[in-house]
1. For region 133-179, enumerate the residues that are assigned to a helix (DSSP H, G or I) and open to solvent by 10 Å² or more (accessible area, probe 1.4 Å).
2. Among the numbered criteria (1) more than 15 Å from the ligand (Cβ to nearest atom); (2) surrounded by 24 or more Cβ atoms within 10 Å (Cβ to Cβ), which one does Asp257 miss?
3. Could we say that Asp128 is open to solvent by less than 50 Å² (accessible area, probe 1.4 Å) and in a helix (DSSP H, G or I) here?
4. Hey, among Tyr203, Tyr235, which residue is open to solvent by less than 10 Å² (accessible area, probe 1.4 Å), among the hydroxyl-bearing types (Ser, Thr, Tyr) and out of contact with any Ser or Thr (no Cβ under 8 Å at 6 or more places or on another chain)?
5. Could you list all residues from region 145-173 that are closer than 24 Å to Thr198 by Cβ and within 13 Å of the ligand (Cβ to nearest atom)?
6. Within region 115-144, can you find the residues that are within 16 Å of the ligand (Cβ to nearest atom) and within 19 Å of Lys74 (Cα to Cα)?
7. From Asp257, Asp271, grab the single residue that is touching a His at 6+ places or on another chain (Cβ under 7 Å), touching a residue at least 24 places away in the same chain (Cβ under 8 Å) and within 23 Å of Asp174 (Cβ to Cβ).
8. I need a count of the residues in region 82-103 that are under 21 Å from His259 (Cα atoms) and surrounded by 16 or more Cβ atoms within 10 Å (Cβ to Cβ).
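The values are calculated or read from the model by the stated rules, or taken from the named source; none is laboratory data. Here the structure is a predicted model, which is why all the values come from computation and not from measurement. Neighbour counts are summed over all protein chains in view; Cβ atoms, including those assigned to glycine, are modelled from backbone coordinates with ideal geometry. Quick note on the areas: whole protein, heavy atoms, side chains included, nothing else; ligands and nucleic acids left out. Shrake-Rupley method; radii C 1.70, N 1.55, O 1.52, S 1.80 Å.
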Amino acid sequence: MGGLGIVACLALVPQAIGQKSPQGPPSTANAFAFHFDKAKAWDHLLKQCAVGPRNPGSKGYESTKSYLLDEMKKHCDNAHLQPFTYTWSVTGKPVAMANIVGDQNWKDAKTRILLLAHWDTRPSSDMDSSDANLKLPILGANDGASGVAVLLELMRVTKARLSKDVGVMYLLTDGEDLGPELSEMFLGAREFARKMPTPRPDYGILIDMIGDKNLKVPMEPNSMRYAGTLVKEFYLNAARNGLRETFPMVYGPVIEDDHMPLNEAGLPTMDLIDFDYKHWHTQQDTVDKCSAESLGKIGLALESWVLKDPAFKIM
Ligand SMILES: [Zn+2]
């Protein structure tokens, strides 16, 4: 994840939003067979981390790009790289990067959903408590690999299961975490926003830092500001599917992330993020801080949204 905006205090969302929604597991009366396999998502997290840091130019970068594009090709109707370069202030040299994009049932759909996560990792550990670590790239088990892992498994699930009215585009952004300053972050999301596909998505859902073992994903205020109806409906849907504890209807901190360039380009996009993670941008953002259970909860929330109740429309 990129930047933290002004840190907002936790505040209760007005009662009208947090209306009663059933707690506990989904009711069997309205049984819906979930297909999202948390073990498969977890494998995708491990596989990314096994190659080490994945910042542009790193050893793990090229092999990860190939692996992610191959997965996209397996599960999407169309898959391609969206390459771009950026002259980085840190080196004064151009950095080659690429978004990875795939879509399912895009052309003929009536509702088009963009799902995104960043696949690059931070080239520095600028929040590390040890000075010796500040310049080392992070592993990004949570900040990077977790969101990608969920989307890779979700694309397997949604393939051939989408209603004919729903199209999904999967976007793995690069250059989200280049930095060090906010002005040099969200580079892939900016590139995508500049070259918005036709037909355009109706709205976007970003997932970032959702692998934390102790997962809570509060409502993010910038998302509320730009995509408030989407946020409320998504959280209510999650609650109906037994995920109210994971998606508490309270505000979390204000976050600067890949959703902002999209929102600024007129595409309402929410960020699902658990920023309460003390290993953020440190050498400690490793696999042992994450869990398959957390990936599974995000997967179920997304699968139930996209497959079970896809009627939501941005007005
Ligand atoms: Zn980050």
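1. Initial filter on region 133-179 (assigned to a helix (DSSP H, G or I)): 133, 141-158.
Listed by number, the residues that qualify are Asn133, Arg156.
2. Just one mismatch for Asp257, condition (1).
3. Working: open to solvent by less than 50 Å² (accessible area, probe 1.4 Å): yes; in a helix (DSSP H, G or I): no.
Considered against the rule, which asks whether it is open to solvent by less than 50 Å² (accessible area, probe 1.4 Å) and in a helix (DSSP H, G or I), Asp128 comes out as no.
4. Numbers: Tyr203 fails: out of contact with any Ser or Thr (no Cβ under 8 Å at 6 or more places or on another chain).
Within the list Tyr203, Tyr235, the selection yields Tyr235.
5. Once the filter is applied, which keeps residues that are closer than 24 Å to Thr198 by Cβ and within 13 Å of the ligand (Cβ to nearest atom), region 145-173 yields only Thr173.
6. Leu116, Ala117, Trp119
7. On the way: Asp257 fails: touching a His at 6+ places or on another chain (Cβ under 7 Å).
Among Asp257, Asp271, only Asp271 is touching a His at 6+ places or on another chain (Cβ under 7 Å), touching a residue at least 24 places away in the same chain (Cβ under 8 Å) and within 23 Å of Asp174 (Cβ to Cβ).
8. Going through region 82-103, the residues under 21 Å from His259 (Cα atoms) turn out to be 82-86, 97-103.
This time we only want the ones that are surrounded by 16 or more Cβ atoms within 10 Å (Cβ to Cβ), so: 82, 84, 86, 97-103.
Here the count works out to 10.
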